[in-house]
Amino acid sequence: MAKLPNTRHTARFDVRLIYEKQVDVAAEREKLTKELERFEREKANGERQLGNGQFVAKAPAPVVEKLGSRVAELEVLIPKLKQKLSELR
């Protein structure tokens with residue numbers, strides 16, 4: 001007998017669980033919109049700090065590197081989030 005996902009076999013019977021994912025579109029849209037706004041604020045703040053010569057000169061190198069990598073990460077995440085949001089509409 002083939003191994004099927006979400007199936008449990010016993011000597012007397014087989015049980016198969018059928019799972020249908022249902023999404024509350026309005027709630028998901030609201031959640032994604034808030035997350036997008038938060039990411040955009042965080043990215044703008046990081047870019048502002050990295051653009052400030054005094055901050056970059058005074059901050060420890062690991063802090064500046066971490067901030068730079070977070071901004072780069074957000075540059076990837078924001079378009080993905082916008083794509084998810086557009087797919088919900």
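The values are calculated or read from the model by the stated rules, or taken from the named source; none is laboratory data. Just so we're clear, the structure is a prediction, and the values are computed from it rather than from any experiment. Counting neighbours? That spans all protein chains shown, and the Cβs are built from the backbone with ideal geometry, glycine included.
Going residue by residue through the range 44-58, is there one that turns out to be assigned to a loop (DSSP other than H, G, I, E, B), of a type outside the set (Gly, Ala, Ser) and at pLDDT 90 or above?
Looking for residues that are assigned to a loop (DSSP other than H, G, I, E, B), of a type outside the set (Gly, Ala, Ser) and at pLDDT 90 or above, one finds at least one in the range 44-58, hence yes.
Which of the residues spanning the range 59-89 are of a type in the set (Lys, Arg) and either within 13 Å of Glu35 (Cβ to Cβ) or outside any helix (DSSP H, G or I) (or both)?
Scanning the range 59-89 gives Lys80, Lys82, Lys84, Arg89.
Based on this model, can you work out whether Ile78 counts as surrounded by 14 or more Cβ atoms within 10 Å (Cβ to Cβ) and among the aliphatic types (A, V, I, L, M)?
Here the answer is yes, as Ile78 does meet what is asked.
Only one of (1) free of Cβ contacts under 8 Å to residues at least 24 places away in the same chain; (2) surrounded by 14 or more Cβ atoms within 10 Å (Cβ to Cβ) fails for Lys66. Which number is that?
Exception for Lys66: condition (2).
Just for the range 20-60: of the residues that are β-branched (Val, Ile, Thr) and surrounded by 12 or more Cβ atoms within 10 Å (Cβ to Cβ), which one is farthest from Glu75 (Cα to Cα)?
The selected residue is Val56.
Can you confirm whether the range 8-17 contains a residue that is surrounded by 12 or more Cβ atoms within 10 Å (Cβ to Cβ) and either free of Cβ contacts under 8 Å to residues at least 60 places away in the same chain or in contact with a Ser or Thr (Cβ under 8 Å, 6 or more places away or on another chain) (or both)?
Yes - at least one qualifying residue is present in the range 8-17.
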